[in-house]
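This report refers to the structure that appears directly beneath it.
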Amino acid sequence: MFSDQRRYLLAIDTSCDDTSLALLNQNTDVVANIISSQIKIHEAYGGVVPELASRAHAENLPFLFRQLLHDHNITEKNIAGIAVTHTPGLLGCLLVGTSFSKALAYAENIPLFQVNHLEGHLFSPFIGKENIFPFLGLVVSGGHTAFYSVNSFDDIVLIGQTVDDAVGEVYDKVAKILGLGYPGGPVIDSFAARGDSKKFPFKIARVKMGEQYLSFSGLKTAVFQCLEGKQLVEQEVYDLCASVQAILVKTLCRKIKFFCEQKSFSAFALSGGVAMNSLLRQEVVQLCQQMDLPCFIADKEYCTDNAAMIGYIALKSPQRADMFDLNCLASQKIQAKDLKKQSR
Ligand code: KG4
Ligand code: ZN
């Protein structure tokens with residue numbers, strides 16, 4: 001796929017509210033990873049508005065692509081292949097990235113790899129590092145809270161997950177009702193540092209379905225009940241943030257320990273937007289030290305949605321990344337022509 005001229009893999013992620021493009025070389029070095037955030041568009045609504053998100057991607061993506069080429073003094077002719085997120089995500093948003101990628105790959109006659117967004121997160125702690133298998137992976141983001149047993153790039157087993165809200169969702173919803181804006185994670189993280197986590201004694205929820213599951217909807221309800229008919233003073237808001245954060249981190253750490261007792265892993269890997277969290281990063285390092293387990297946490301630029309992690313999967317595991325058959329675009333073109341003929 002790579003040649004002297006075609007020396008970069010272009011990666012694109014438009015799965016939710018960040019438009020991201022990356023360039024990686026043949027050795028999986030990340031040469032560029034640009035992320036254009038849409039927070040300003042969505043914050044007024046307290047969450048992502050799918051239609052606004054896909055429109056913003058459609059406007060931004062061609063512009064960011066031109067800027068990327070310009071900044072690196074390259075053209076389309078220097079792109080060897082494209083990796084794009086094709087699932088999971090907001091459908092309209094995914095369509096913008098996949099349509100753009102298909103058109104470019106078809107025009108340049110280069111391969112197109114369709115990558116699963118969660119696999120991107122899962123392996124993101126290893127970007128620029130040596131992979132260690134088998135590892136216990138925790139992806140903790142706005143849409144997912146899931147544990148994986150990973151034996152290789154091709155052998156990934158989902159071993160546990162939340163039965164209701166994702167941890168990022170709890171951060172966002174609690175912030176919304178406290179009037180702290182969107183996204184909730186960063187602001188609750190900083191407010192928590194000024195609060196006392198023992199002021200609101202929340203409990204870890206047990207899930208009847210089994211130890212491998214987690215549940216956070218009860219915590220959300222407990223937080224809402226604390227606020228019913230009350231106007232919290234500033235220090236109480238800090239205390240509430242600290243208490244919510246403490247129970248979330250404690251729950252995740254307990255589960256990490258549980259899974260490590262079930263199977264002998266050679267490493268632990270933490271990823272996803274919530275992996276930005278200062279307490280979680282700290283506690284996970286400490287826990288892994290106690291368990292004598294190498295700990296990999298995604299660099300902060302690879303925690304929230306980014307295209308570098310998508311490109312990384314396409315290069316490390318091209319057989320797993322679903323190769324899109326560009327020939328089917330050619331046959332679709334013929335069909336469209338035929339239909340036109342028939343309708344005359
Ligand atoms: O991975 P991501 O960018 O998008 C999804 O794929 O969902 O994660 C976004 C989530 C949001 O819920 C946001 O509140 C959370 O990551 N987040 C944090 C922090 N920074 C972002 N949560 C806790 N602490 C943070 N510092
Ligand atoms: Zn994500």
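Among the residues in segment 298-313, are any assigned to a helix (DSSP H, G or I), away from ligand 1 (no atom under 16 Å from the Cβ) and within 25 Å of Q114 (Cα to Cα)? Walk me through it before giving the result.
Narrowing segment 298-313 to residues assigned to a helix (DSSP H, G or I): 300-302, 308-313.
Filter again for away from ligand 1 (no atom under 16 Å from the Cβ), leaving 311.
Right, trim to within 25 Å of Q114 (Cα to Cα) and you get 311.
Within segment 298-313, one or more residues are assigned to a helix (DSSP H, G or I), away from ligand 1 (no atom under 16 Å from the Cβ) and within 25 Å of Q114 (Cα to Cα).
Considering each residue of segment 73-97, count those that are polar (S, T, N, Q) and away from ligand 2 (no atom under 16 Å from the Cβ), and give that number.
Residues flagged as polar (S, T, N, Q) and away from ligand 2 (no atom under 16 Å from the Cβ) within segment 73-97 amount to 3.
Residue by residue, here is whether (1) within 16 Å of ligand 1 (Cβ to nearest atom); (2) over 24 Å from F200 (Cβ atoms); (3) touching a helix residue (DSSP H, G or I) at 6+ places or on another chain (Cβ under 8 Å); (4) among the aromatic types (F, W, Y) holds:
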{"site": "T221", "(1), (2), (3), (4)": "no, no, no, no"}
{"site": "E234", "(1), (2), (3), (4)": "no, no, no, no"}
{"site": "R254", "(1), (2), (3), (4)": "no, no, no, no"}
{"site": "A267", "(1), (2), (3), (4)": "no, yes, no, no"}
{"site": "M276", "(1), (2), (3), (4)": "yes, no, yes, no"}
{"site": "R281", "(1), (2), (3), (4)": "yes, no, yes, no"}
{"site": "M291", "(1), (2), (3), (4)": "no, yes, yes, no"}
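Condition check ((1) part of a loop (DSSP other than H, G, I, E, B); (2) within 20 Å of the chain's Cα centre (by Cα)) across all residues:
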position: A53; (1), (2): no, yes
position: N60; (1), (2): no, yes
position: R66; (1), (2): no, no
position: I82; (1), (2): no, yes
position: H86; (1), (2): no, yes
position: L95; (1), (2): no, yes
position: T98; (1), (2): no, yes
position: I110; (1), (2): yes, no
position: F113; (1), (2): no, yes
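When the residues of segment 148-193 are filtered to those that are within 16 Å of ligand 2 (Cβ to nearest atom) and among the hydroxyl-bearing types (S, T, Y), which remaining residue is surrounded by the most Cβ atoms within 10 Å (Cβ to Cβ)?
Of everything passing the filter in segment 148-193, Y171 is surrounded by the most Cβ atoms within 10 Å (Cβ to Cβ).
Here are S37, S20: which of them is within 15 Å of ligand 1 (Cβ to nearest atom), in contact (Cβ under 8 Å) with a residue 40 or more places away in the chain and not hydrophobic (A, V, I, L, M, F, W, C)?
S20
Test A103 against the stated conditions and say whether it is touching a residue at least 12 places away in the same chain (Cβ under 8 Å), surrounded by fewer than 16 Cβ atoms within 10 Å (Cβ to Cβ) and more than 16 Å from ligand 2 (Cβ to nearest atom).
No, not satisfied.
Would you tally the residues in segment 262-297 being away from ligand 2 (no atom under 16 Å from the Cβ), over 20 Å from G160 (Cα atoms) and in a loop (DSSP other than H, G, I, E, B)?
The qualifying residues number 2.
If you check K257, K198, K300, which single one turns out to be without any contact (Cβ under 8 Å) to a residue 60 or more places away in the chain, surrounded by fewer than 21 Cβ atoms within 10 Å (Cβ to Cβ) and within 16 Å of ligand 2 (Cβ to nearest atom)?
K300
Looking at (1) among the polar types (S, T, N, Q); (2) free of Cβ contacts under 8 Å to residues at least 60 places away in the same chain; (3) surrounded by 13 or more Cβ atoms within 10 Å (Cβ to Cβ), which one does Q235 not meet, given that it meets all the others?
(3)
Pick out the one residue from E76, E169, E108, E130 that is within 15 Å of ligand 1 (Cβ to nearest atom) and of a type in the set (D, E, K, R).
Exactly one residue qualifies, and that residue is E169.
Tell me which residues, restricted to segment 190-219, are in a loop (DSSP other than H, G, I, E, B), in contact with a helix residue (DSSP H, G or I) (Cβ under 7 Å, 6 or more places away or on another chain) and of a type in the set (A, V, I, L, M).
Residues satisfying the conditions are I204, A205.
May I ask you to verify whether F65 is away from ligand 2 (no atom under 15 Å from the Cβ) and either surrounded by 20 or more Cβ atoms within 10 Å (Cβ to Cβ) or modelled with pLDDT under 95 (or both)?
Details: away from ligand 2 (no atom under 15 Å from the Cβ): yes; either surrounded by 20 or more Cβ atoms within 10 Å (Cβ to Cβ) or modelled with pLDDT under 95 (or both): no.
Spelling it out, it is not the case that F65 is away from ligand 2 (no atom under 15 Å from the Cβ) and either surrounded by 20 or more Cβ atoms within 10 Å (Cβ to Cβ) or modelled with pLDDT under 95 (or both).
Please tell me if L118 is assigned to a strand (DSSP E or B), at negative phi and either touching a strand residue (DSSP E or B) at 6+ places or on another chain (Cβ under 7 Å) or within 15 Å of ligand 2 (Cβ to nearest atom) (or both).
It is false that L118 is assigned to a strand (DSSP E or B), at negative phi and either touching a strand residue (DSSP E or B) at 6+ places or on another chain (Cβ under 7 Å) or within 15 Å of ligand 2 (Cβ to nearest atom) (or both).
Evaluate segment 172-183: report whether one residue or more is in a strand (DSSP E or B) and without any contact (Cβ under 8 Å) to a residue 40 or more places away in the chain.
The answer is no; no qualifying residue exists.
The values are calculated or read from the model by the stated rules, or taken from the named source; none is laboratory data. Predicted model only: the values in this text are computed from it and were never measured. Glycine gets a Cβ as well: all are built from the backbone with ideal geometry, and neighbour counts include every protein chain shown.
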